[in-house]
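The values are calculated or read from the model by the stated rules, or taken from the named source; none is laboratory data. Everything quoted here is computed from the prediction, not taken from an experiment. We place every Cβ from the backbone using ideal geometry, glycine too, and count neighbours over all the protein chains shown. Quick note on the areas: whole protein, heavy atoms, side chains included, nothing else; ligands and nucleic acids left out. Shrake-Rupley method; radii C 1.70, N 1.55, O 1.52, S 1.80 Å.
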2 protein chains.
Amino acid sequence: MNAYRPQAADIGFILFDVLQAQDRLAQLPALADNADPDLLRQVLEEAGKFVGEVVAPLNRDGDEIGARFKDGAVTMPPGARAAYQAFWQAGWPALSGATEDGGQGLPTVLEMVLYEWLSGANLGWTMAPGLLHGAYECIKHHASPELKASYLEKLVTGEWLATMCLTEPHAGSDLGLARTKAVVQSDGSYQISGTKIFISGGEHDLSDNIVHLVLARLPDSPPGPKGLSLFLVPKFYPDGQRSAVVCERIEEKMGLHGSPTCVMRFDEARGWLVGELGKGLNAMFLMMNAARLHVALQGVGLLDAAWQKADGYARERRQMRAPVRQDPSQPADPIIEHPAVQRLLDTQRAWVDAGRVLAYRTAIELDVAKHHPDAAQRQQANLWCALVTPLLKASWTDQAFHGGSDCLQVFGGHGYVREWGIEQIVRDSRVAMIYEGTNEIQAQDLLFRKVLADQGAGLLATLGGLEQDLDRFDSAAAVRARTGLQ
Amino acid sequence: MNAYRPQAADIGFILFDVLQAQDRLAQLPALADNADPDLLRQVLEEAGKFVGEVVAPLNRDGDEIGARFKDGAVTMPPGARAAYQAFWQAGWPALSGATEDGGQGLPTVLEMVLYEWLSGANLGWTMAPGLLHGAYECIKHHASPELKASYLEKLVTGEWLATMCLTEPHAGSDLGLARTKAVVQSDGSYQISGTKIFISGGEHDLSDNIVHLVLARLPDSPPGPKGLSLFLVPKFYPDGQRSAVVCERIEEKMGLHGSPTCVMRFDEARGWLVGELGKGLNAMFLMMNAARLHVALQGVGLLDAAWQKADGYARERRQMRAPVRQDPSQPADPIIEHPAVQRLLDTQRAWVDAGRVLAYRTAIELDVAKHHPDAAQRQQANLWCALVTPLLKASWTDQAFHGGSDCLQVFGGHGYVREWGIEQIVRDSRVAMIYEGTNEIQAQDLLFRKVLADQGAGLLATLGGLEQDLDRFDSAAAVRARTGLQ
C-alpha cells in the first residue's frame with residue numbers, strides 16, 4: 001500500500017506562478033500582510049507534513065475499524081482523537097479565521113489546500129473538522145453577543161467541533177419539509193424536539209464538546225422553507241450540564257467508515273436562536289459557497305490520492321510488452337508504458353491540476369468578495385464564486401468517483417481487494433456526489449439561480465473575463481480555448 | 001429494502017416477439033424439439049421463482065456476513081449451501097448441458113437468462129456455479145475418456161463445482177508469465193506446484209467436491225503462453241483422498257463478499273493433463289465467448305436490479321414539486337416525476353433492454369455456431385459472437401457500475417447507507433469490469449483480433465446484416481439507425 005503524500009511544491013506552482021495569488025491578495029487590506037509567498041509556502045510545507053505524517057496513516061484503520069457506536073456514545077477509530085487534539089492545538093483549524101476572533105488571519109485558499117490534502121489523506125477523519133468552518137462563520141455573522149462569547153473562540157480554534165443538523169428522514173434535498181419543533185421558553189431560549197439524520201460527527205470523542213446548529217420550526221411558523229429558523233444546541237452547556245441531545249445510532253455506509261453518520265434525537269433540548277426567526281436557511285446558505293468549495297476540494301484531494309496510488313503501481317507492475325520503450329532484460333514492461341494506462345493516468349492528473357487552478361482561484365475570489373476595498377471588485381468576485389462553485393462541486397466530486405474507479409482499473413484484480421487502498425477511495429468518494437447539495441441540485445442551482453436569473457448576463461461577463469485572460473497568450477492551446485469560448 | 005424480482009414475461013417478449021428465437025432454434029436439429037415458446041416460457045417462470053424465492057433473499061447476509069475463512073476451510077454465508085444443494089438437485093445447472101452427458105439439452109440462451117437473474121439477485125452466490133459451465137465444456141471437449149468418466153456427469157449436473165486457476169501474483173492479464181510447475185510422473189499423472197490467486201470458489205462448503213482446472217508449465221516448456229498446459233486437480237480424488245491443494249486465505253474485497261476469492265497453493269498436487277501439452281490457453285479460451293457472455297449478463301442483471309430498486313424508491317419518495325403532475329393533497333411529489341430522475345431511470349432501463357436483445361441474440365448465435373447444419377450459417381454465427389461478445393462484456397459491465405451508481409444517486413443519502421441494498425450493487429458490480437479479461441483487454445481483443453485481423457471484413461459483413469434487418473422497418477428510429485450505420 002503506497003501512502004498519500006501532499007506535494008507542497010505543486011501547490012506553490014499553481015498558487016504563485018499560475019494564479020499569482022500574491023498580487024491579488026496584496027490588494028486586500030485584511031490579508032496584505034499575510035500574502036507573502038515565502039510565508040505561505042512555509043505554512044504549506046508544515047501543513048503537508050502534518051497531513052502526511054499524522055492524518056494519512058490513520059486512514060486504513062478508519063475504514064476497517066471505523067467509528068463504533070455503543071449506548072449513545074461513539075468511539076472514533078484508533079488514533080483519531082490524538083490526531084485531532086494535535087491538529088487543533090497546532091492551530092490548523094484557525095488558519096483562516098479572523099485574528100479578532102482568535103484565528104490566524106491567513107488567506108482562505110490556504111484552508112482550502114489544507115482540506116484538499118486532509119481529504120486525500122483521510123476523508124473519514126476530515127469530516128468532523130471540515131464542518132467547523134461553516135459553523136464558525138455562521139456564529140460570527142448571526143449569533144447574539146452572548147452566544148458568541150460562549151462559542152466563537154472555541155469554534156475558531158477548533159477546541160470544540162460542530163455539526164449542521166438539517167436533514168430529516170422525509171426532508172433531504174427538500175429541507176422545507178423539515179418538522180423539528182422549537183418552542184420558545186420564558187427566558188428566551190427554545191426547546192428543540194425532533195429527529196435529524198445523516199449528521200456527520202453528531203457524536204464522537206474527538207473534542208470535549210460538540211456544537212449543533214439545528215434547523216427547526218416554531219409551532220406557528222408557516223410551512224415550507226420560510227418557516228425554518230436556526231438554533232444552537234451544544235452537547236454540553238457552559239455550566240457542564242449535558243443537553244437532551246441523543247445519538248440514536250450511526251449508519252452502516254458504503255464507505256467513510258471513519259466518520260460517524262449519526263441519527264440525532266432532540267428531546268426538548270434547550271437551545272438558542274441564531275439569526276432571525278424564519279431565516280434559518282439564509283443563515284446556513286450564506287456559507288454555502290465556502291462549504292461547496294470544501295467538498296469540491298475533497299474531490300480533488302481524493303482524485304489526487306487515487307492518481308498517486310495508480311501512478312506508483314503502474315511504474316512497478318510489469319505485464320506484457322509495451323509498444324515502445326521495451327526493456328528486454330525483463331520478461332514484461334511496466335504497465336505505465338502501455339498507452340491505455342498512460343492516457344488514463346494523464347487524464348486524472350489533468351483533472352487534478354485543472355481542479356486546483358479553478359478551486360484555488362475561487363478561494364481567492366472568496367477573500368476578494370469579503371475584503372476588497374472596491375465594491376465593483378467585490379461584486380465581480382461574488383459573481384465568479386456563485387457561478388463556478390456549483391460547477392466545481394458537481395464536476396470534481398463526479399470525477400473523484402469515476403476517475404478513482406479508473407485508477408482502480410490500473411490495478412486490475414489487485415484494485416478490487418483492500419490491500420492497496422484504492423477501492424476505499426472509490427467507496428469514500430461516492431458520498432461527495434450527494435452531500436452539500438446533490439450534484440443534480442448543483443446543476444439546478446447553476447442554471448436557475450446563476451445563469452437564468454439574470455438572463456445569462458453574469459455568465460457572459462465571466463466568460464468575457466476568461467477571454468481577456470486568454471488574450472494574453474498566443475499558444476495553440478490558447479487559440480483553441482478562445483475559439484471554444486466564442 | 002425492495003427485493004429483486006425476475007420478470008419472466010419481459011424476457012419472453014424479447015426472446016419470442018423481438019428476436020423470434022423459436023424460428024432460429026427450430027433450424028437446429030439438436031435443439032428443435034426444445035424450441036417451443038410455451039415450454040421455454042414455463043422453464044423461465046420456474047427459474048424466476050427459484051431465483052426470486054431462494055437465491056435473492058440470501059444476498060444481504062452474503063454481503064454482511066460473507067464467506068469466512070478459518071484453518072484452510074471456507075464457510076459460506078448462511079443459507080448458501082442449502083440453496084446450492086436445492087439448485088443442482090432441481091437440475092438448474094444442467095439446463096443447457098448436452099443430453100448425452102446428463103444435461104437437459106435446452107438452448108444456451110435459457111442458461112444465460114438464468115445467470116442474468118441469479119447475478120441480479122445475488123452475484124456473490126452465483127460466482128461458484130457460474131464457473132461450472134466453462135469447466136464442463138472444457139472437460140467435454142478436451143479431457144481423456146478416463147477423466148470424463150470420473151468428472152463429466154458430476155460437472156454437468158453441478159453436483160460438484162469447479163474453478164479456473166489461471167492468475168498468479170505476477171501474472172494477471174499477461175498469463176504467459178505464469179510459473180506454476182507441472183512435473184510428469186511415471187503413471188502419466190503430473191505433480192502441480194505453485195500459487196494461484198483470485199480463485200473464485202477455490203474453497204467452500206457448497207458442494208462435496210471441487211474440480212480445479214489449473215494452468216501450469218512443464219520444466220522444459222518454452223517461456224510465454226505457448227509453454228502453458230491445462231491440468232485437472234480435484235479437491236478429493238475418486239478414492240476419497242484429499243489432494244495437496246490448500247486454500248491459504250481469502251481476499252478482503254470491495255464487494256462480492258459472498259464469494260470467497262482464494263489464494264490456492266498446489267503442493268506437488270497430483271493432477272492430469274486436459275487437452276494437449278502447450279495448448280492450455282487454447283483449451284480455456286475455447287469457452288471464452290460463453291464465459292464473457294456470462295459476465296456481460298452479470299452486468300445486465302445487476303443493472304436491472306439497481307433499476308428495480310431505484311424505480312421503486314422514486315415512486316415512493318416525495319421531495320419538492322414536480323413541474324407537471326403535481327399532487328396538491330401532498331406536501332411534495334414523488335421524485336420520479338422530476339425530469340432528471342425520470343431520465344436517469346429510463347436511461348438505465350434502455351441499457352437493460354438493449355443489453356438483453358444483444359446478449360440473447362448472441363446466446364442464440366452460440367447455439368447456431370455449434371448446431372446449424374449449414375457451415376456458412378455456422379461461420380456467420382461465429383463471426384457475430386466473436387465481434388459482439390467483447391463489446392457486450394465491456395459495455396454492460398461498465399454500465400452496471402456507472403448506471404448502478406446513477407441509481408444510487410436516486411436515493412440521495414439513503415443510497416449511501418446499506419439499508420436499501422443499492423450501494424452493494426455498486427460495490428459488487430465493480431469487479432466485472434476486471435475479471436474474464438479487463439475491459440481494456442476486451443477493447444484490444446475487439447480491435448486487433450476481431451476487426452483488424454481480417455481488415456474489417458467481418459465487421460462490415462456484420463454491419464451489413466444489421467442494415468438488412470433495419471430495412472424491414474421504416475420508423476424514424478430505423479431511418480436514424482440506418483443513417484448511423486452508413
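At a probe radius of 1.4 Å, what is the per-residue accessible area of B:TYR416, in Å² to the nearest 10?
Ignoring ligands and nucleic acids, B:TYR416 comes out at about 10 Å².
Around A:ALA461, what is the net charge, scoring Lys/Arg as +1 and Asp/Glu as -1 over all other residues with Cβ under 14 Å from its Cβ?
Around A:ALA461, the charge tally is -3.
What is the spin-label model distance, in nm, from A:LYS49 to B:ALA457 if the labels are put 7 Å beyond Cα along the C-beta direction?
According to this spin-label approximation, the distance is 6.9 nm.
If A:HIS294, A:HIS371 are ordered by their accessible area, calculated over protein heavy atoms with a 1.4 Å probe, which sequence runs from highest to lowest?
A:HIS371, A:HIS294
For region B:189-308, report the accessible area per residue in Å² (1.4 Å probe, heavy atoms, rounded to an integer).
Dividing the accessible area of region B:189-308 by its residue count gives 31 Å².
Just to be sure I understand: if you take the accessible area of chain A alone plus chain B alone and subtract the pair, with a 1.4 Å probe, what total do you get in Å², rounded to 100?
3800
Below 13 angstrom from the Cβ of B:PHE411, what's the summed charge of the other residues (Lys, Arg +1; Asp, Glu -1)?
Its environment carries a net charge of -1.
Label point 7 Å out from B:LYS226 along Cα-to-Cβ: which residues of region B:267-290 have amide N under 15 Å?
B:277-282
At 10 °C and 1.306 mPa s, grab the translational diffusion coefficient of chain B from Stokes-Einstein with a Kirkwood Rh over Cα pairs, rounded to a whole number in µm² per second.
This corresponds to a translational diffusion coefficient of 68 µm²/s.
Mind giving me the FRET efficiency for A:GLN379 and B:ALA3? R0 is 60 Å, r the Cβ-Cβ distance, nearest 0.05 is fine.
According to the calculation, E is roughly 0.65.
In square angstrom, rounded to the nearest 10, how much accessible surface does B:THR462 have for a 1.4 Å probe?
The accessible area of B:THR462 comes to roughly 20 Å².
Taking each residue of A:405-418 in turn, how many C-beta atoms of other protein chains fall within 10 Å of its C-beta, and what is the average?
For peptide A:405-418, the averaged partner shielding equals 6.
Using only the alpha carbons of region B:287-453, determine the length spanned along each of the three principal axes and report them from longest to shortest in whole angstroms.
Computed over the Cα atoms, the extents are 66, 28, 25 Å.
When all protein chains stay in place, what accessible area (Å², nearest 10, 1.4 Å probe) is found for A:LEU132?
Roughly 0 Å² of A:LEU132 is accessible to a 1.4 Å probe.
Return one whole number: the accessible area per residue of region A:8-140 in Å², for a 1.4 Å probe.
I get 37 Å² per residue for this part.
Can you tell me the Rg and the Dmax, both Å, for the Cα atoms in region B:8-140?
Cα radius of gyration and Dmax of region B:8-140 are 16.2, 54 Å respectively.
Sort out for me the Cα centre separation of region B:381-411 from region B:281-337, rounded to whole Å.
Here the answer is 13 Å between Cα centres.
Please compute the modelled spin-label separation between B:ARG81 and A:GLU252, points set 7 Å along Cα→Cβ, answer in nm with one decimal.
2.3
Round to the nearest 0.05 the FRET efficiency obtained for A:ALA90 and A:ALA30 when R0 = 25 Å and r is the Cβ-Cβ distance.
Once rounded, the FRET efficiency stands at 0.60.
Starting from the exponent 0.38 and prefactor 2.2 Å, build the expected Rg for region A:202-320 from its residue count and divide its actual Cα Rg by it.
In units of the globular-protein estimate, region A:202-320 measures up at 1.51.
What are the distances, in nm and sorted shortest first, from the label point of A:ARG472 to the label points of the same position in each other copy, with each label point placed 7 Å from Cα along the Cα-to-Cβ direction?
Label-point separations across copies, in nm and ascending: 6.5.
Considering only protein heavy atoms, with the full assembly of protein chains and a 1.4 angstrom probe, order B:MET76, A:MET320 by accessible area, largest first.
Sorted descending by solvent-accessible area, the residues read A:MET320, B:MET76.
Between beta-carbons, use under 15 Å as the cut-off and find the net charge around A:ASP474, counting Lys and Arg +1, Asp and Glu -1.
Charge balance near A:ASP474 sits at 0.
Describe numerically, in nm with one decimal, the distance between label points set 7 Å from Cα along Cα→Cβ at A:HIS170 and at A:VAL324.
Taking the two extended label points, one gets 6.5 nm.
What is the list of residues in region A:247-270 whose amide nitrogen lies under 18 Å from a point 7 angstrom out from the Cα of A:GLU64, following Cα to Cβ?
A:255-259
In terms of solvent-accessible area of protein heavy atoms at a 1.4 angstrom probe, what is the ranking of B:ASP428, B:ASP61, highest value first?
B:ASP61, B:ASP428
Anything losing 50 Å² or more of accessible area from the isolated chain to the full protein assembly: pick those residues out of region B:235-263, probe 1.4 Å, ligands and DNA/RNA ignored.
At a threshold of 50 Å² (probe 1.4 Å), the residues of region B:235-263 that become less exposed are B:GLU252, B:MET254.
Kirkwood Rh, Cα Rg: Rg to Rh for the protein assembly as shown?
Result for the protein assembly as shown is an Rg/Rh of 1.00.
Counting other C-beta atoms within 10 Å, and keeping those with at most 16, which DSSP coil trypsin sites (Lys or Arg not before Pro) do you find in region A:350-435?
Loop-located and lightly packed - none at all.
Would you kindly calculate the translational diffusion coefficient of region A:94-166, applying Stokes-Einstein with the Kirkwood radius from alpha carbon pairs, for 4 °C and a viscosity of 1.567 mPa s, and quote it in µm² s⁻¹ without decimals?
It comes out at roughly 103 µm²/s.
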